[in-house]
Amino acid sequence: MKKASISILALSVAAAVAGLSVATADMSAGNEPSITPKVMADALHLVMDSDRTVYTQKIVNRLVKKDKVITASEHFEDEKALVLPAQMFRFGSELVAQRAADKPDVNFTYSLQSLWPVNRQNAPKTEVEKAGLQFIADNVGQNYYAEEELGGTKYFTAVYPDIGVAPVCVSCHNDHKDSPRRDFKIGDVMGGVVIRIPLGS
Amino acid sequence: MMSDSGRGGRKTLWLVWLGSALLAALALAYILLNGENQTLFMPGPLSPGHHQLAAACDACHTDPLGGGDVLQEACLACHGDDRKKPVDSHPLVKFSDPRNADRLAQIEATRCVTCHTEHRPEITATDGLTQPLDLCVHCHRDIAADRPSHAGMRFDTCKDSGCHNYHNNRALYTDFLLKHQHAPELLEQPLLPARQFATLLDEFVEYPHDRYPVVALALEDADAPQPVDEEVKHDWLTTAHAAAGVNCSACHLAANAESETPLWTDHPGQQGCSQCHALEVERFGRGRHGMRLATGLAPMTPEQSLLPMQPQASHRELTCNSCHPAHRFDTATAAVDACLDCHADAHSLAYKASRHHELWQRELKGELSEGSGVSCAGCHMPRIDFDVSDWLSRIMVDHNQSANLSPNSKMIRNSCLHCHGLPFSLDALADRDLIDRNFRGRPQAQVRSIGMAGDDQRRALEKTGGSP
C-alpha cells in the first residue's frame with residue numbers, strides 16, 4: 001500500500017497569481033488594476049523557486065543526506081523513494097498546465113531546462129530558450145526576457161537561473177549515468193526555469 | 001412538347017418518389033429515436049476493441065451535434081485513467097506545452113482520434129491504430145543521434161514486440177531494461193502478491209460497516225425472510241462472506257425506485273456486488289467482459305466475440321455471477337474453469353497441458369503456497385496495486401482484463417515479473433508460437449532491446465567519463 005504524493009507547488013502558484021493584483025496593481029492604465037507579464041513571471045518564479053528550495057533543503061537533503069532514512073529517485077514508485085526536486089517541480093508544472101487550460105486569464109506554462117540536461121527532453125528547444133539559457137549561464141545572477149511566437153501564438157518568455165542550492169543537487173547531477181556534465185559545484189547555474197505567458201495570436 | 005398524359009405520369013412519379021422518401025425518412029427517424037439497434041447508420045464497422053458497442057452509438061457520440069471535443073471526452077471517459085502518467089509515456093500534458101507546438105503541427109497528438117479513428121476497418125491495424133506504423137518518425141527522426149544502437153532501424157519496427165509501446169512503456173524504458181538485464185529466467189520465489197481487501201476493510205469509507213460489522217456469522221444469524229435451501233446455506237456459511245459478517249440481506253436487499261425501503265430480490269445484479277466491490281465492478285465494466293453492461297446494453301455473450309469460443313457457451317451472459325456463481329463465489333473457479341468454459345483459442349486450449357496449470361493444480365491441492373500456481377486470471381486479471389483514491393491504494397484483482405492484454409508488453413510488470421526475469425519475459429512474449437502452446441517449450445525469439453540499451457549506456461559513459 002502506498003500514499004499518493006502531491007505537490008503543493010501548483011496551489012502556491014495559483015495563490016500567487018490570485019494575489020498579484022493586490023501586490024503589484026498598476027492603476028495608471030484606466031481604472032482596471034493590471035500587471036505586466038514581466039512582473040507576473042517574476043512573481044511566479046519567486047513562488048516556484050521558494051517552494052522547490054524548501055522541498056530540496058527541508059525534505060530531500062535532510063532525509064537523504066543528513067538523516068539517511070530514505071533515498072530520492074527518478075523511479076520513485078518502483079524504488080519506494082522520494083520524488084526528485086526536479087520531478088516535484090515538473091509534476092507541479094503539469095498540474096498547472098492541466099488546470100490552467102480552462103482559465104485563459106491565468107494560462108501560463110513553465111519548465112525546468114538545462115544546457116546539460118540529464119533527460120534530453122529538457123534541453124532548450126526554441127531559439128529563445130537556447131539564447132536564454134546561454135545568457136543566464138554567462139551572466140550569473142541575471143534573468144533573460146524575450147518574446148517569441150510558437151504555434152501561431154505570441155508569448156512573453158522569461159528564463160531564470162536555476163542554482164544548485166544543496167549537496168543533493170550537485171551530487172545527483174554529477175553522478176547520474178545520463179548526465180553530460182560532471183563538475184557542478186554548489187552555487188553553480190545548473191539550468192534555468194522557463195516561464196511562458198501567452199500574449200495573444 | 002409534352003402531352004397531358006405525359007405530364008400526369010411524371011407528376012405521379014414525383015408523388016410516389018416524395019411519398020417513398022417521406023416514409024423512408026419516418027422509418028429512419030423512428031429507428032434513430034426509438035430503435036435499440038442503430039447500426040444502420042454506422043459509416044463503417046467498429047474496431048475489434050469497440051465492436052461490442054455497435055448498438056450503442058451514444059456510448060461515444062454522447063451529443064449528436066457534438067464534434068471532436070465530444071468524441072475526445074468520450075474516449076477519456078473510459079480510457080482516461082490509462083492516459084495519465086506514469087502509465088502513459090505520451091500523456092496529453094506532454095503536448096500541451098507550447099514548446100512542443102512544432103511537433104503538434106506534424107501530428108495532432110492531443111486527440112485520440114488522430115491515431116485511433118473508428119469506422120475505418122480498411123486502415124485499422126492491431127490495437128486500433130489507424131496511423132501508418134512509422135508514425136514515431138514525426139518526433140523521433142533523430143533518435144540515432146541520441147541512441148546510436150538505433151541507427152539504420154526502420155521506423156515501422158518501433159512497436160515490434162519487446163521494443164516500444166507509445167502509451168504504456170513501463171516495462172520497456174531504458175532504465176528498466178538495464179535494471180533487470182541480469183534477472184534469471186525464474187525468480188527464487190515466484191509468487192503473486194496477496195490480495196488486500198479484507199485486511200484494509202477498516203480504511204474503506206464506503207464499506208457498510210454500520211450494517212454489516214466484520215464479525216463472523218453463524219447459521220442461525222442468516223437473515224433471509226424465507227426458508228433457504230440447505231446447499232445455499234452451506235455455501236454461504238463456508239465462504240468469506242459469512243466469515244466477514246456479510247449477511248443475506250447485504251446482497252438481496254436492493255434499492256428500488258418504487259419504494260423508499262430496499263426490497264428483497266432473489267437475483268441481485270451487479271448493483272448488489274458493487275455495494276462492497278464497487279472498484280471491481282467498475283473495472284469489469286471497462287473491459288471486454290463488462291463493457292456492454294456498463295453501456296446499458298444486454299450482457300456480452302461468447303457468440304458475439306471475435307475470438308474462438310466454446311459453442312456450448314454461445315449464449316452465456318457475462319455478469320459477475322458468470323464467473324463467481326452464487327453463493328460460493330469461489331475464486332478458484334473464477335480463475336480457471338470460468339475462463340475455459342468459454343474461451344477456445346489455441347492458447348486457452350493448451351493451458352491444461354502447461355507447466356503453469358501444473359503449478360495451479362499443486363496450489364489447489366495445498367502442495368504449494370497460495371499465489372504459487374498460475375491460473376488464467378493470475379496472468380490476465382493480474383493483482384495490481386490500484387489507486388483507490390488519491391490517498392489510498394490496495395492490491396486487487398484487476399477485472400478489466402483488457403487493460404492488460406495488448407500489446408502484450410503491458411502484461412510484463414503486472415504479471416510475468418512476479419515469477420520470471422525481464423529478458424526471459426520479453427523473449428517469451430515475442431514468440432507467437434510459444435504463446436499458442438501456452439508456453440510449453442522455450443522462447444525461440446530473441447528481443448534485442450536490453451542489449452541495445454546496454455550498448456548505448458556504455459557509449460554514453462565513455463563519452464562523459466561517468467559510471468553506471
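Once Rh for segment B:1-122 is found with the Kirkwood sum over Cα pairs, what is the Stokes-Einstein diffusion coefficient at 37 °C and 0.692 mPa s, in µm²/s?
Taking Rh from Cα pairs, D becomes 178 µm²/s.
Just flag the trypsin sites (Lys or Arg not before Pro) in segment B:114-222 sitting in loop per DSSP whose Cβ has no more than 10 other Cβ atoms within 10 Å.
Answer in residue order: B:R154.
May I ask you to evaluate 6.51 cos²θ - 1.76 cosθ + 1.60, the Karplus curve with θ = phi - 60°, for each residue of segment B:92-106 and list the ³J(HN,Hα) values in order in whole Hz, giving x for glycine and proline?
Once θ is set to phi - 60°, the couplings for segment B:92-106 become 3, 4, 5, 9, 7, 6, x, 5, 9, 4, 5, 6, 4, 5, 7 Hz.
Can you give the average number of partner chain beta-carbon atoms within 10 Å of each beta-carbon in peptide A:179-189, as a whole number?
Taking the mean over all residues of the peptide, I get 1.
Distance between Cα centroids, segment A:158-197 to segment B:367-436: provide it in whole Å.
39 Å
Between rounded, prolate and oblate, where does segment B:136-205 land on the alpha carbon gyration tensor, with a ≥ b ≥ c its root eigenvalues, rounded for a/c under 1.5, else prolate if a/b exceeds b/c?
prolate
Given 0.36 nm per residue, what is the gain on full extension from B:A125 to B:A54 after removing their alpha carbon distance, in nm?
Length difference between fully extended and current span is 23.7 nm.
Where a Cα-Cα gap under 30 Å defines reach, which lysines qualify for B:K159, not counting those fewer than 8 residues away within the same chain?
Output for B:K159: A:K80, A:K125, A:K177, B:K84, B:K85, B:K94, B:K179, B:K410, B:K463.
Mind jotting down the distance between the C-alpha centroids of segment B:243-310 and segment B:7-65, whole Å?
When both Cα centres are located, 33 Å separates them.
Using all alpha carbons of segment B:280-367, what is the percent of pairwise distances in each 5 Å bin, ordered from the shortest bin to the longest?
3, 13, 20, 23, 20, 14, 6, 2, 0
Taking R0 as 30 Å, what FRET efficiency do you get between B:D345 and B:E282 from their Cβ-Cβ distance, rounded to the nearest 0.05?
Efficiency for this residue pair is about 0.65.
So if each residue of separation counts as 0.36 nm, and I subtract the Cα-Cα distance between B:Q304 and B:E206, what length gain in nm does that give?
In short, 31.8 nm is gained.
Excluding same-chain residues fewer than 8 positions from B:K233, which lysines have a Cα within less than 28 Å of its Cα?
Once the sequence-local lysines are set aside, what remains near B:K233 is B:K365.
Loop only by DSSP, 16 or fewer other Cβ within 10 Å of the Cβ. Give me the GluC sites (Glu not before Pro) in segment B:108-139 that pass, ordered by residue number.
Sites meeting the loop and neighbour criteria: B:E108.
Hand me the trypsin sites (Lys or Arg not before Pro) from segment A:138-200 located in a DSSP loop with no more than 10 other Cβ atoms within 10 Å, in residue order please.
Taking segment A:138-200 and a limit of 10 other Cβ atoms within 10 Å, the loop trypsin sites (Lys or Arg not before Pro) found are A:K185.
Give me the number: length gained by fully extending B:L76 to B:H315, i.e. 0.36 nm times residue separation minus the C-alpha to C-alpha distance, one decimal in nm.
Full-extension gain reported as 82.9 nm.
How compact is chain B by the rule of thumb for globular proteins, expressed as Cα Rg over 2.2 N^0.38 Å?
1.20
Treating only the Cβ atoms of Lys and Arg (+1) and Asp and Glu (-1) as charged, compute the dipole magnitude of the protein assembly as shown about its Cα centre; round to the nearest 20 debye.
Once rounded to the nearest 20, the dipole reads 1920 debye.
Can you pull the mean other chain C-beta count within 10 Å for peptide B:88-94?
That works out to 3 on average.
Pull up the DSSP beta bridges for the protein assembly as shown and report the antiparallel fraction as a percent, rounded to 5.
Rounded to the nearest five, the antiparallel share is 95 percent.
Have a look at B:H356, B:T301, B:A244 and report the one farthest towards the positive end of the charge dipole of segment B:243-394, computed about the Cα centre with Cβ charges (Lys/Arg +1, Asp/Glu -1).
Of the options given, the answer is B:H356.
Working only with C-alpha atoms, what are the Rg and Dmax values of the protein assembly as shown, expressed in angstrom?
30.0, 107
Based on the mean of other beta carbon atoms within 10 Å per residue, what is the order of B:63-73, A:33-43, A:105-115, most packed first?
Going by the mean number of other Cβ atoms within 10 Å, highest first, we get A:105-115, A:33-43, B:63-73.
Ignore the peptide's own chain and count Cβ atoms of other chains within 10 Å of each Cβ in B:95-105; give me the average, rounded.
Per residue, the average neighbour count from other chains is 6.
Under a point spin-label approximation (7 Å from Cα along Cα-to-Cβ), what is the B:L191-B:A25 distance to one decimal in nm?
Between B:L191 and B:A25, the label points sit 7.2 nm apart.
According to a simple spin-label model (label point 7 Å from Cα along Cα-to-Cβ), what is the distance in nm between B:K463 and B:T265?
6.3 nm
Calculate, for B:S249 and B:Q181, the FRET efficiency according to 1/(1 + (r/R0)^6) with r their C-beta to C-beta distance and R0 51 Å; round to the nearest 0.05.
Calculated transfer efficiency: 0.40.
With n ≥ 4 as the cut-off for DSSP H runs, can you work out [θ] at 222 nm for chain B, using -39500 (n - 2.57) per run divided by the number of residues, rounded to the nearest 500?
Value at 222 nm, helices only, nearest 500: -9500 deg cm²/dmol.
Each value in this text was obtained by applying a stated rule to the coordinates, not by laboratory testing. Predicted model, so just to flag it, every value in this text is computed and none were measured. We place every Cβ from the backbone using ideal geometry, glycine too, and count neighbours over all the protein chains shown.
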